[in-house]
Amino acid sequence: MEYRLLGRTGIEVSALGLGCLNYGSTTDQTESLATIGAALEAGINFFDTANGYGGGSSEETLGKALRELGARNRSVVATKFHASMHHDDRNAGGTSRRAVVESCEDSLRRLNTDWIDLYQMHRPTTTTPIDETLRALDDLIRAGKVRYIGSSTLSAWRMVEAAHVAASTGTHRFVSEQPPYNLLDRTLENELIPAAISYDMALIPWSPLANGMLTGKYRRGATAPTGTRFADRGQTDHFSEGVYGCVEALESIAVSHGLPLSRLALGWCARQPGITSAIIGPRNRQQLADNVAALDVTLGAELLAQIDEVAPPGHATHSYYGPHRADWRPDGWHVPHQAEPTQI
């Protein structure tokens, strides 16, 4: 396993981070615990979850696994706040001081830990000034409950604004940003990635396989396989002709190099400039092993040129949602956005 510094901090995280969205809910408890254990054996030391995943079951399952395996002290645990866990309380979610502090206390309890290594703002909001959020997070750091803070799905200008507000208020700054990034959506290369590199911020992208679209399991004209993400809701909302064409061309490139498409896509993401740790979301140990093997992929100049021809730099063939495409609501969540391929 390869390890990289988490931005301007002194701690190292694995080049692949284990996303724990499925654990304790979609994946049963037994397989969840076994997959987390297998990740540790593979050298993964970075685990990402959120308060809203599985209604809190993801945090509980991760905390239980690390405790039973005696691995908490050697693990970097990242979680997020924003989701409301108490729907009868209008002030329970978001990024206000009250929400940040209460969410942290609840996450610490569910994770059964005394500290959170990386506490991330899951979404930005327009209803709470960023200085209020940063001051609350700074207090948590000074209290020893949080080690570092980060953001998720910020636009480049919001990320830079947060850095400047932290500097002007004397509070701790975000050390990382977690954006959606994959071969179907490379628009982050236009502004966000250069800004993150300039400000020495770690980039820990989620959805490097585009919600499974870059695995090759979804076929043109075919029904989504049982048990997959789109089995119940269908592929039509996500697979345009442009997406099918891009995925099929990328799969042809992968096959010509003796690789599964998923391994090529994940290996590419993890090796891009500015990327610290790509967040993977395997549902079981078999998928985990396939994901880890992606780090063995050699990306030569010829292969990279072939990829760029099919999925050009700065270009989006499809965007599920993101700061560069979505229309943000005041609460920070997204309005679904559908678009044909667009050259940015």
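The values are calculated or read from the model by the stated rules, or taken from the named source; none is laboratory data. Just so you know, these numbers come straight off a predicted model, no measurement behind them. Glycine also receives a Cβ, built like all others from the backbone with ideal geometry; neighbour counts cover every protein chain displayed.
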Just to be sure before I move on: is residue 305 over 30 Å from residue 127 (Cβ atoms), of a type in the set (Gly, Ala, Ser), modelled with pLDDT of 95 or more and buried (at least 16 other Cβ atoms within 10 Å of the Cβ) in the structure I sent? no
Could you figure out which of (1) out of contact with any His (no Cβ under 8 Å at 6 or more places or on another chain); (2) modelled with pLDDT of 95 or more; (3) not in a helix (DSSP H, G or I) isn't true of residue 100? (3)
Of everything in the stretch 204-232 that's surrounded by 23 or more Cβ atoms within 10 Å (Cβ to Cβ) and outside any loop (DSSP other than H, G, I, E, B), which residue is modelled with the highest pLDDT? 214
(1) modelled with pLDDT of 95 or more; (2) over 17 Å from residue 49 (Cα atoms): which one isn't true of residue 89, the others all being true? (1)
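A quick yes/no check of all residues on (1) assigned to a strand (DSSP E or B); (2) of a type in the set (Lys, Arg); (3) crowded, with 23+ Cβ neighbours inside 10 Å:
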residue	(1), (2), (3)
151	yes, no, yes
162	no, no, yes
168	no, no, no
177	yes, no, yes
196	no, no, yes
For the stretch 270-280, give me the residue count where each residue is buried (at least 23 other Cβ atoms within 10 Å of the Cβ) and not in a strand (DSSP E or B). 3
When the stretch 179-188 is examined, which residues are found to be among the hydroxyl-bearing types (Ser, Thr, Tyr) and part of a helix (DSSP H, G or I)? 187
When the stretch 281-323 is examined, which residues are found to be closer than 30 Å to residue 34 by Cβ and part of a helix (DSSP H, G or I)? 285, 286, 287, 288, 289, 290, 291, 292, 293, 294, 295, 296
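Evaluate the following for residue 134: is it buried (at least 21 other Cβ atoms within 10 Å of the Cβ), farther than 23 Å from residue 21 by Cα and touching a Cys at 6+ places or on another chain (Cβ under 8 Å)?
On the way: buried (at least 21 other Cβ atoms within 10 Å of the Cβ): yes; farther than 23 Å from residue 21 by Cα: yes; touching a Cys at 6+ places or on another chain (Cβ under 8 Å): no.
Spelling it out, it is not the case that residue 134 is buried (at least 21 other Cβ atoms within 10 Å of the Cβ), farther than 23 Å from residue 21 by Cα and touching a Cys at 6+ places or on another chain (Cβ under 8 Å).
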Restricting attention to the stretch 71-88, does a residue exist that is small (Gly, Ala, Ser) and touching a strand residue (DSSP E or B) at 6+ places or on another chain (Cβ under 9 Å)? yes
Can you tell me which residue is farthest from residue 196 (Cα to Cα) among those in the stretch 137-149 that are surrounded by 20 or more Cβ atoms within 10 Å (Cβ to Cβ) and among the hydrophobic types (A, V, I, L, M, F, W, C)? 140
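State all residues of the stretch 156-189 that are closer than 30 Å to residue 243 by Cβ and touching a helix residue (DSSP H, G or I) at 6+ places or on another chain (Cβ under 7 Å); if no residue qualifies, say none.
Within the stretch 156-189, the first condition is being closer than 30 Å to residue 243 by Cβ, and the residues that meet it are 156-159, 176-189.
Once the filter is applied, which keeps residues that are closer than 30 Å to residue 243 by Cβ and touching a helix residue (DSSP H, G or I) at 6+ places or on another chain (Cβ under 7 Å), the stretch 156-189 yields 156, 159, 177, 179, 181, 182, 183, 184.
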